[in-house]
Amino acid sequence: MTSTYLLYESASGYALFHAHGLDEIGQNTEAVRSSVSDLNRFGKVVKLAAFHPFESALDALKQCNSVSEGLMTDELRSFLEINLPKAKEGKKAKFVLGLAEPKIGSNIFEETKIPCQSNEFVLELLRGVRLHFDKFIKDLKQGDLEKAQLGLGHSYSRAKVKFNVNRVDNMVIQAIFLLDTLDKDINSFSMRVREWYSWHFPELVKIVGDNYLYAKLAKYIQDKSKLAEDKIPSLTDIIGDEDKAKEIVEAAKASMGQDLSDIDLINVQQFAQRVMDLSDYRKKLYDYLVTKMNDIAPNLASLIGEVVGARLISHAGSLTNLAKCPSSTLQILGAEKALFRALKTKGNTPKYGLIFHSSFIGRASARNKGRMARYLANKCSIATRIDCFAESSTTTFGEKLREQVEERLDFYDKGIAPRKNIDVMKAAIESADNKATDMDVEEVPSEASGKKSKKKKSKSNANGEVEDRPSATANGDVTEDTKSEKKKKKEKRKMERETEEQQQASEIINGEEEAGKKKKKKKSKDENKDDQVAAEDGKKKKKKKSKSEDAE
């Protein structure tokens, strides 16, 4: 019969329990559930085999992270190999290791071949261990386990929050939600302003169609009876059209609206101001979203636009989740209801979801909208993966992918063959590398110029010590000046020593060169003398020969 061991990962360390008398409480979960609450009964069945405490809070956090990710650490491996019975080679192990997490169980089995089990029966046993854990460990004081759990919980959650803070796509998700809410609110508030002010000046609705301009005019005009021709220039500044300004003045003279009291007009004016403020804030929020998207997902933003890209990220939950999605999922993201309805009724599945708001699908013909959506989803999937996993952020790939989508549109409309994907990607990589090298080249001269300026400063300090002293004393930094003067004196001494050493070395070298030159001159003189002697001897011999010939 196989014996059961239980691995319990507590906040203070790893604990291994041996469950050896399971017949007493039964093998079904209901019997275990009833016996868990009784420590006397449960303690006879489950006993502590080994306990490995964590070295520090940092070590506990590391072990907790690895367990949550389903990975076995070296400490856990050595703990299990030391305390579990060893199975003979080629034979099955006569024990089973019970675990709460099946992920880590599969990892342990892959690496150590220890048979692992995770089911309802094991979970109930571990529940009993968790309930009575402080009773099993004798050295634990009252409250130690709670402190360890609280500290580990705080550090674990803090680490997870830090991870989310680094992933700045949370800000994009919140911004796009707020942008959509503001659009709805501004629309409903603008309609309310129109309806409210139309009781007083109904003709203004037909003349001005824009909500923001209407609210601005409602705030400026207030009482239509006071509107005269002298206000045409100011109305022209608001609308930007003089003819419309004259038309508003003429309509106010023959208006059919009823008169409003001063309090009503003040309320309309205040509400119109609120609508204007909301519209201004909406513009600022849009600018913020654009800058954030260019920081987080520059390639996706340059391919499909900032707003559509932000909607895709918010719908997926994060940029990482969107990068993990295949292009087929990205294509119908946002059309889940239609998809499941089509699957249930066995009808046609939707061709596009949120990417329908892109201008590319709007420009495609009705026959090619599905093809265009599939191709665009493919390119968006590539762009999101580059943005998520690339080390440096660049818009080069997004621009090249946008060119490819444009070429595909031309292919569907005019039949012009587009470039191959591999050629476009090679060109994109080359241009990205060139940009990176240009950035490096720009950084290097700035560093060199900084070094030169430092050298110049040191030279100026060495040459102009006397000139700098009065200005320093005038500023009142006496102590700093004395220190700087001492440093300058030391530097001066060093400089003088170095110059003296250089002069001595040059003198020695010059002396050696002069001695060498003298030796060479002496040698040349000796050689010249020898030549002269040899020439004179030759002449004497020739004269003797000529004399002897004459005598004969």
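The values are calculated or read from the model by the stated rules, or taken from the named source; none is laboratory data. This structure is a prediction, so every number in the text was calculated from the model and none was measured. Because the Cβ atoms are built from the backbone with ideal geometry, glycine has one as well, and the counts that use them run over all protein chains shown. Surface accessibility is based on the protein's heavy atoms, side chains included, excluding ligands, DNA and RNA. Shrake-Rupley method; radii C 1.70, N 1.55, O 1.52, S 1.80 Å.
Hey, can you rank 259-271, 386-398 by average C-beta count inside 10 Å, highest first?
The peptides rank, most packed first, as 386-398, 259-271.
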| query | Amide H of H20: which non-local residues (sequence gap of 5 or more, or other chain) have their own amide H closer than 5 Å, using H built in the peptide plane? | reply | K47
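Taking all protein chains as present, what is the carbon and sulfur share of the accessible area of segment 170-285, in % to the nearest whole number, probe 1.4 Å?
Numbers: 3570 of 6700 Å².
On segment 170-285, the fraction of accessible area on carbon and sulfur atoms equals 53 percent.
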| Order of 4-10, 210-216, 150-156, 137-143 by packing, highest average Cβ count within 10 Å first? | 4-10, 210-216, 150-156, 137-143
| query | If you find the alpha carbon centre of segment 318-357 and of segment 227-253, how far apart are they in angstrom? | reply | 51 Å
| note | Where a ≥ b ≥ c are root eigenvalues of the Cα gyration tensor, a/c under 1.5 meaning rounded, otherwise prolate if a/b exceeds b/c and oblate otherwise, segment 297-435 counts as oblate
| task | Quick one: accessible surface of F79, probe radius 1.4 Å, all protein chains present, in square angstrom to the nearest 10. | result | 10 Å²
| Computed over segment 141-246: relative contact order in percent, which uses C-alpha pairs under 8 Å that are six or more apart | 15 percent
| field | Cα convex hull of segment 170-285 - mean projected area over all directions, nm² | value | 7.4 nm²
| Which of the residue pairs K44/K88; K244/K284; K44/K91; K184/K369; K206/K246; K283/K379 have a Cα-Cα distance greater than 20 Å in the structure shown? | K44/K88; K244/K284; K44/K91; K184/K369; K283/K379
| query | If Lys and Arg each add +1 and Asp and Glu each add -1, what is the summed charge of the other residues whose beta carbon sits under 14 Å from the beta carbon of L152? | reply | -1
| remark: Per its Cα gyration tensor (rounded if a/c is under 1.5, else prolate when a/b beats b/c, else oblate), segment 3-161 is best filed as oblate
